[in-house]
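No lab work stands behind these numbers, since they all come straight from the coordinates. What you see is a predicted model; the values in this text were computed from it and never measured. Reconstructed Cβ throughout: ideal geometry from the backbone, glycine too, with neighbour counts over all protein chains shown.
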Amino acid sequence: MTTLTERLSRGEESALTECYRILGPRVRRHVARLVPSADVDDIVQAAFWELWRTRERLNADRELGPWLLTIARRRAVDRLRSEAARRRRVLRAAGRPGTSDPCPVVDTVCDVRAALAVLPPRQRQAIALAHYEQLTQREIAERLRIPIGTVKARTASGMRRMRELL
C-alpha cells in the first residue's frame, strides 16, 4: 500500500488534497497560536504550497505532520518578522524629528508617542484619558458621553494594537 508521503513525493495532486484534508486543521490550529487571525489562512496556504514545491525531499520513513508543522512555523515566524519590520518603519516615520510633535530623546517615550499616533483617534483618546489624565473608565465614559463598554472596547483594542506596534 502506498503511503500519503510517497504519493505526494510522486506529485499526485490528489495526495495534496488528502493531506490538506487530514493535516489542514492541525496546521491551522498551530499557526493560529503564533500569528494574528488575519494571517492564518495565508500562512497555512504558504505551508502547503512549500510542501508541494519541495515534495521531492520527502522521506517516506518519516511522519509528514511534524515536517509540515515545521514549515508552517517557519512561515509564521517570517510573517511576524516582516510585520515587525513594517511596524518599525511606521513608527520611525511617525516619530521622525522635524515633525510638528518631535519625540523626546528617550527612545521608549518616542516609541510610545509614535505608536499612539498610529492608533485610530477614538482609541488614542480613550488611552490618553486613562493614562495621561488618570481617569477611570467610568470617568472617561461620562466625559465622552459614551457607554462604559465602548470605553473598555476602545481601550482594549488600542492597547492590543500598541502592544503589536511596540
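Compute the Kirkwood hydrodynamic radius of region 4-85, taking the inverse of the mean of 1/r over all pairs of distinct Cα atoms, and give it in Å to one decimal. The partial results should precede the final answer.
Values: mean 1/r = 0.0779 Å⁻¹.
Every distinct Cα pair counted, the radius reaches 12.8 Å.
In the chain, once you exclude exposed GluC sites (Glu not before Pro) (DSSP loop, at most 13 other Cβ within 10 angstrom), what's the longest stretch remaining?
Counting at most 13 other Cβ atoms within 10 Å as exposed, the longest clean stretch of the chain is 64-132.
Which Cα, out of Leu16, Ala38, Phe48, lies furthest along the positive dipole direction of the chain (beta carbon charges, K/R +1, D/E -1)?
Ala38
Below 9 angstrom from the Cβ of Pro120, what's the summed charge of the other residues (Lys, Arg +1; Asp, Glu -1)?
Cβ neighbours under 9 Å give a net charge of +4.
Taking R0 as 45 Å, what FRET efficiency do you get between Arg10 and Arg122 from their Cβ-Cβ distance, rounded to the nearest 0.05? Don't skip to the end; give the middle numbers.
Values: r = 56 Å, r/R0 = 1.24.
After rounding to 0.05, the efficiency reads 0.20.
Pull up all non-local amide H partners of Leu135: gap of 5 or more, or a different chain, and H-to-H distance under 5 Å with H placed in the peptide plane.
Residues meeting the criterion, in which the H sits 1.01 Å from N, are Ala130.
Please get the size of the charge dipole for the chain, origin at its Cα centre, with Cβ charges of +1 on Lys and Arg and -1 on Asp and Glu, quoted in debye to the nearest 20.
400 debye
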